[in-house]
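Novice: Attaching a single structure in structure tokens format; questions to follow.
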Amino acid sequence: EPAALRPGERLVALFALDDAQTSVVAATASIAIAGIERSEASSNESWRWTAARCSDRATRVVPIAFSVPDDVRFASGRASIQVLVSARDATGLAAERRLEIPVADEMPPDITIAALSPNDPLVAGAVYPIAISVSDRHHDVDTITAAVSGPMSLSARGLDEIVVPVERRDHTENFSLFVDANAGLGDTAELVITARDTAVPANTRTITATF
């Protein structure tokens, strides 16, 4: 069994059905992904075999193949592939086997910064607008964290870090960069943006801009 599948990957498996006393004559397999927004990502198949006598025992093989959609959207922090294989023998007795395989989202959010050019010198006392755009392919973005160092702050009160709740697939947040009034010529400042998604465990991406 695979430890986990990722969006875009394919599950391929073989289930061997055997009965110590008689033949397996029918089987069904249902596959679905739990914890996603698109419920039509599922598969159902059935098989039937004939046996001349109950003593005609033979191992039946049920092939399973299922692809996780590349653009799958998680409805919660976790998702998994649920496989149920049921079999019936010639006497009418039935049995089933369940298999659960986690679907792992390891893709962090994307971040785009629209701000002053890194080549532009900082002007003491100036205020620069900045737009932070974030998006996530499989989960919602949970939070954006903006932090600055050097002769710069994120508010007129001198805040050097702000955490913004997002809780949506994509979002643009507008900030202002306040340059200290006593910033000297040639001083540099650093802006660090971190985006975190709602996956379990969470994925994060951090980018840095130096001015």
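The values are calculated or read from the model by the stated rules, or taken from the named source; none is laboratory data. Because the structure is a prediction, the values reported are computed rather than measured. Glycine gets a Cβ as well: all are built from the backbone with ideal geometry, and neighbour counts include every protein chain shown. Note: areas computed on protein heavy atoms with side chains; ligands, DNA, RNA excluded. Shrake-Rupley method; radii C 1.70, N 1.55, O 1.52, S 1.80 Å.
Novice: Hey, can you tell me all the residues within region 138-178 that are outside any strand (DSSP E or B) and either more than 23 Å from residue 109 (Cα to Cα) or aromatic (Phe, Trp, Tyr) (or both)?
Specialist: Selection gives 150, 151, 155, 156, 157, 158, 159.
Novice: Is it the case that region 109-126 has a residue that's assigned to a loop (DSSP other than H, G, I, E, B), more than 30 Å from residue 158 (Cα to Cα) and modelled with pLDDT of 90 or more? Before you say what the answer is, go through the steps one by one.
Specialist: First pass over region 109-126, keeping only residues assigned to a loop (DSSP other than H, G, I, E, B): 109, 115-126.
When the remaining residues are screened for being more than 30 Å from residue 158 (Cα to Cα), the result is none.
No, region 109-126 contains no residue that is assigned to a loop (DSSP other than H, G, I, E, B), more than 30 Å from residue 158 (Cα to Cα) and modelled with pLDDT of 90 or more.
Novice: Starting from region 1-23, keep only residues that are part of a loop (DSSP other than H, G, I, E, B), then list their pairs with residues that are of a type in the set (Phe, Trp, Tyr) whose Cβ atoms are within a distance under 8 Å, requiring at least 6 positions of separation or different chains.
Specialist: What qualifies is 23/49.
Novice: Quick one: is residue 150 surrounded by 13 or more Cβ atoms within 10 Å (Cβ to Cβ) and on the phi > 0 side of the Ramachandran plot?
Specialist: yes
Novice: Inside region 165-188, can you point out the residues that are within 22 Å of residue 151 (Cα to Cα) and among the hydrophobic types (A, V, I, L, M, F, W, C)?
Specialist: Matches in region 165-188: 175, 177, 178, 179, 181, 183, 185.
Novice: Let me spell it out: the conditions are (1) under 12 Å from residue 146 (Cα atoms); (2) surrounded by fewer than 13 Cβ atoms within 10 Å (Cβ to Cβ); (3) modelled with pLDDT under 95, and residue 191 meets all of them except one. Which number is the exception?
Specialist: Every listed condition holds for residue 191 apart from (2).
Novice: Now, a different point. Name the pairs: first residue in region 72-94 and assigned to a strand (DSSP E or B), second residue open to solvent by 40 Å² or more (accessible area, probe 1.4 Å) and of a type in the set (Lys, Arg), Cβ to Cβ under 6 Å, at least 6 apart or on different chains?
Specialist: 84/98; 85/97; 94/88
Novice: Looking at (1) in contact with a His (Cβ under 7 Å, 6 or more places away or on another chain); (2) open to solvent by 50 Å² or more (accessible area, probe 1.4 Å); (3) assigned to a strand (DSSP E or B), which is the one condition that is false for residue 102?
Specialist: Exception for residue 102: condition (1).
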